[in-house]
Amino acid sequence: MLLLLVLPFAGSVVSAFILNTTSRDLPVFVAGATTLLTLILTGAAYPFVRQNGVLRFTAEWLPQFGLDFSLRLDGFAWIFSMLVTSIGFLVILYARYYMGKDDPIPRFFSFLLAFMGAMLGIIVSGNVILLSIFWELTSIFSFLLISYWHTSAAARDGARMALTITGIGGFCLLVGMLLLGKIVGSYDLDKILASGDIVRAHPLYLPTLVFILLGALTKSAQFPFHFWLPNAMAAPTPVSAFLHSATMVKAGVFLLVRFWPVLSGTYEWFILVGLAGVTTLLLGAFLAMFQRDLKGLLAYSTISHLGLITTLLSLGSPLSTVAAIFHMLNHATFKASLFMAAGIIDHETGTRDMQRLSGLYRFMPATATLAMVASAAMAGVPLLNGFLSKEMFFAEAVETHADSYLDVILPYVATLAGVFSVVYSLRFIHTVFFGPLPEGLPKETPHEPPRWMRVPIEILVVVCLVVGIVPAISIGPFLQTAVESVLGDRTPEYSLSIWHGFNVPLLMSVIALIGGFVLYFAMRDYLSRCEDGPPYLRRLRGQRLFERVLVTVSWRWARLAESRLGTRNLQPQLRWIVVTGFVAATLPLYLSGFERRPIVFSTVDPSFGLLWLIGMALAIGAAVSAKYHRLAALIMLGGVGLIVCTTFVWLSAPDLAITQLLVEIVTTVLILLGLRWLPKRSLDRGEAMTLQSRFRRFRDLSLAIACGIGMSMVAFTVMTMPVPDAIASYFLQNAYTGGGGRNVVNVILVDFRAFDTLGEIAVLGIVGLTVYGLLRRFRPAEDSMELPEQQLSQNRFDDEQPERSPGDMMREYLLVPSVLMQWLFPVIITFAVYLFMRGHDMPGGGFSAGLTLSIAFLLQYLAGGTRWAEDRIRILPLRWMGAGILTAALTGIGAWLLGYPFLTTHFRYVEIPLIGKVPAASALLFDLGVFSLVVGATVLILVALAHQSIRINRLRALEAKGEKR
C-alpha cells in the first residue's frame, strides 16, 4: 500500500533529472509507466478492500503525540484512487501530443506526477495531520502546474490566486483538524470517523465545522471562493483536464464525503454547506452560459457541478450521499473528455474563442462526435452517466430534509440549474461544430489530431455510454463498496436502473431538457453578442474583490507597517528580536506564576572564579569596543568562547568542549573574513552626545541588562531545580544496549533525540542557504578595508598582468604560513575521520568532524586564495547539504520500512577480515548525514565570503585601468 503513495513521487524525482531534449518519449515513458504501475497496484487491491473493508499501513512517527504515518485504503479511497490514476494515465498520453516542442517536458511531468502523489496522499491518509500536509502539497504543485507557462502574466496571476485562496483554506483546515483531534482525543482517522456523536455534541463542534468547511469550500471553488478556478484555466489543457476532473477541486468534496459521518446531520451543517452548494450550483451554471472561452465555459460548469455535489452532501440523508459519490465519478469522466476536446480544438485551430469558431464538424467529425456525447452527459441526456446521477439529485431535491426555506426552494433551483446546464452544453456543441465555415482562424485548415491524442477521449466517452446504459453491471459493485465504506450500517437501498417509471424526478429532467433547448435557441444571438459578461452580474467579480483585498493588504497595510516598524538598520531589527524574545519568555512566567528559589552560595574554586571574572571582563570589553575596534571585539569574543570551552572541560563535558572549540574557530575565521567588507567607523570619541543618542544608549543598556538578568534566572532555575534520577539513569543504562555506544551524549543526539537533531541540521542548512543568498547580493562598502601594503606593492593592475585576488597573492608575502596550511590539509582530514569514527564511543561525532573538515577548507582558502582553492578542491556545497539531509532522513525511513519507529537505531557487531568484530550502528549513517550537511553549509558560507575578494579586486582593476564601474 505504501508503494501506491511512493511511486508517483519517485517518478516525479526521476522525471526531474531527465535532461530537456526535443524527444518526449523518455519523460512520457517514465510518467506513463509510473502511473500505469500505480493504477495496476490500485486495481489489484480491490479484492482485499472488498473482503476486509480497509487496508492499513502504519509506521510509528511520534506515537507519544498520537502522530503516526498511517495510510488506509477503504472502498471510497479505492474508487477515488482508481479515478486519479486512470485519468492521470490518460492525461499523460494526451499530453504527449499536446505539449509543444519548446516546452520543458520533463519539468511538466515531474510536477504532474508530484501533483498526483499529493492527491493520492489526501485520499489514503489515515491521520488527519498527514492529510493536512498532503492537502497543502496539492496547492503547491497546482501552483507550479498552473504557472507552468510562467512567461504568461495570466498564468502567473492565476497561479498566485489559486495558491492564495487554497493556501488560506489549507491553514483553516489544519486548525479544524487540530480541533477535531482535541475533541476526539486522537488524530487517527478511524477513531474520528467512529466518534460522530461525540463531535456533534461537543461545544467546539461549530468552530471545527467552520474551519473544515473553509478548507473544503476553498479547494472545491465553492461560493464565495469560486473565482479562482476560472483563472486557473491559464494552465496547459492536460493540467486543466486533470485538475477539474479527478484532482484538486475534487479534494474539497472528497473531504466533505470523508467526514460526512462525523459532521453532518446538524442544522449548522445543512445551512452552511447548503447555502454554499445551492448558490454555487446556480451561479456557476448561469455564468457558464455567457463565456466566450471554451475552457472558461467548462470551468464555470465544473463550479456548478461541484455545487451540485455539495448541495447533495448538505441534505444529510444517506441517499443524497450515494448520489454525491456517484456524480463525482460521472463528472470526472465527461469533464476530463470535454477539456481534452477543448484542447484539441485549441491545438488544431489556434483559438478557444467561440465567437471565432464554427462549422468544425466538417474538419474533425470524430472529435465533434466525441465532444457531443460528453456534452450530452454533462447536460443529463438519458442513456448517459450524467443523466443517472442528476436523476438521483432531482429525487433528493423533492424530499423534505429540514424546516428551512432552502429546502423549500431546492426543487426549483435544481430544475433551473438543469435548464442552464443544457443551455451551456448546447452552446458548446452548436457554436463550435455547426454553422458556417470558420474564417480568420490562426490555423486556417483545422484537421483531426493524431490518432493517439484522441484515444483518451474515446475511452472516457465509452465509459460515459457504458455506465449510462448498464450502470448496475459496470459501476454498481464498485459504487456499493465505496458507499458502504462511508455510510457503514446506514447504507440505504438504492437502484441504478435507467428507468424508474413516470415520477417527479423524470418530469424535472424533461423540463430541464426541453426548457434548456428552447432557452438556448431563444437566447442564441444574445449569448453571442454578450461580450461584457453575464447581465446583472457584470460588476460582481470575485477576482476584482480579491485583487482589491490583495492591494489593500500588500500595499496599504504592509507599507504602513513598513513605514512604522521597518528599517534598513540592523540595530533596530535586533532590538525588536530581543524585545520579542524577552516578552515571549517573561509572559508565560507572569501568567503562570514564577516560583523564586532561594539563592544558596556554595564554595567556588578560586581558579574557576578567576576564569569567569576574566570571561566577564572580556565580554564587557567586547561590548565597549564593538563600535570602533571590531577586530579587538572579535578577539575578546573569541576569548570568551575559549573560557566557555574551558568551563565545559572543568565540568567534565568533553563533547561540548570539543564542539565549542571548533565552533569558535570556524565562526571567528568567517566573521574575520566578513569584517573586511564592512564600512569604516569613525574614531572620533569627542563627538557631542545628543539627547536622542543618550536615550538610545540608555534604552539598549537597559534592555541588555534585563535580558542578561532574565537568562541568568533561567540558567539558575534550571541548574538548581530537582531533576529525577530516572532520566539520567535511563540514558546511562540504555546508551549501549539500545544505541550501541558508550558516549552517552552522542547516542542521545543521533538515537534517543535524533528527530531533534534532524530538525537542527535542517535549520543549519536553511541558515547556510540564507547567508549565501544574502551575500550574493551584498556589495562591499566604498570605504571597506584596502589591501595591505605588502600586497599593494606587488599588485599592479596593468594590461600584461592578470587581476589577482588578495588570497592569490598571499602565497607571495606569507609563503611559509601558506605552505604550512596546505600541508595541514591531509592531517586535518585524517583527524576529522578519526573524530567521526570514534564519536559513538568517545568524544567526537558527525558535527565535530564536519566542523573539523570545514577548518581544513578554511585553511586552504586562506593559504591559496579563492581561485587556487576552487581549482583544486572538488566540493559542491549544495550537493553535500542535500546528500546530508537526505541521508539522515533515509536513515529514519529505513527504520519505518523494517517496522520500527522513525529513526530507530539498529546495533550489532560486524565481522571484518583481519580486524575482527567491530561495533556498527545504523546511527552512524545518520551521523554521516550530519557530517555532510555541516561541511556543506560551512563551505557554502565560506565560498560566498571568499568571492567578495574576487568581486572587489575586479572592480579595483577596472578603476585602475580608468574604466567605469
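A short reminder: the numbers here are calculations on the coordinates, not readings from a lab. All values derive from a computational prediction rather than experimental measurement. Neighbour counts are summed over all protein chains in view; Cβ atoms, including those assigned to glycine, are modelled from backbone coordinates with ideal geometry.
Brief remarks on what is shown
- Rounded to the nearest 20 debye, the dipole size of the chain about its Cα centre is 1940 debye, using +1 on the Cβ of Lys and Arg and -1 on the Cβ of Asp and Glu.
- Residues Cys172, Cys464, Cys530, arranged from fewest to most other Cβ atoms within 10 angstrom of their Cβ, appear as Cys530, Cys172, Cys464.
- In this structure, the pairs whose alpha-carbon distance is over 27 Å, taken from Lys182/Lys335; Lys191/Lys250; Lys250/Lys443; Lys182/Lys390; Lys182/Lys219; Lys219/Lys295, are Lys182/Lys335; Lys250/Lys443; Lys182/Lys390.
- Phi-derived couplings, Karplus 6.51 cos²θ - 1.76 cosθ + 1.60 at θ = phi - 60°, listed residue by residue for the stretch 906-914: 10, 10, 7, 9, 10, 8, 10, x, 6 Hz, with x used for Gly and Pro.
- Count Lys and Arg as plus one, Asp and Glu as minus one, and take only other residues whose Cβ is under 15 Å from that of Leu370; the net charge is then 0.
- For Val381, nonlocal amide neighbours, meaning residues 5 or more places apart or on other chains whose placed amide H falls under 5 Å from its own, are Phe387.
- Theoretical FRET efficiency, 1/(1+(r/R0)^6), r = Cβ-Cβ of Gln51 and Ile893, R0 35 Å, to 0.05: 0.70
- Distance between the stretch 868-908 and the stretch 694-708 - C-alpha centres, whole angstrom: 44
- Cut-off under 5 Å, modelled amide H: who pairs with Leu67 long-range: Leu62
- Backbone geometry of the stretch 490-497 corresponds, through the Karplus equation with coefficients 6.51, -1.76 and 1.60 at θ = phi - 60°, to 3J(HN,Hα) couplings of 8, 4, x, 7, 9, 10, 9, 5 Hz, x marking Gly and Pro.
- FRET efficiency estimate (nearest 0.05) - Cβ-Cβ, Leu589 to Val718, R0 22 angstrom: 0.95
- Compared with the alpha-carbon gap, the fully stretched path from Arg742 to Thr580 is longer by 54.3 nm at 0.36 nm per residue.
- Sites Trp149 and Ala883 - FRET efficiency at Förster radius 35 Å, r taken between beta-carbons, to 0.05: 0.60
- Relative contact order %, the chain, counting alpha carbon pairs below 8 Å whose residues are six or more apart: 9
- Neighbours of Asp489 by Cβ distance under 15 Å: Lys/Arg scored +1, Asp/Glu scored -1, total -3.
- Potential extension, Arg867-Val833 segment - 0.36 nm per residue separation minus Cα distance: 9.6 nm
- Fewest neighbouring Cβ atoms within 10 Å first, the residues Glu439, Glu448, Glu136 line up as Glu439, Glu448, Glu136.
- Summarising the amide proton neighbourhood of Asn127: residues at separation of 5 or more, or on other chains, whose placed amide H is nearer than 5 Å comprise Ser70, Leu189.
- Fewest-first ranking of Phe57, Phe242, Phe420, Phe778, using other Cβ atoms within 10 Å as the exposure measure: Phe778, Phe57, Phe420, Phe242
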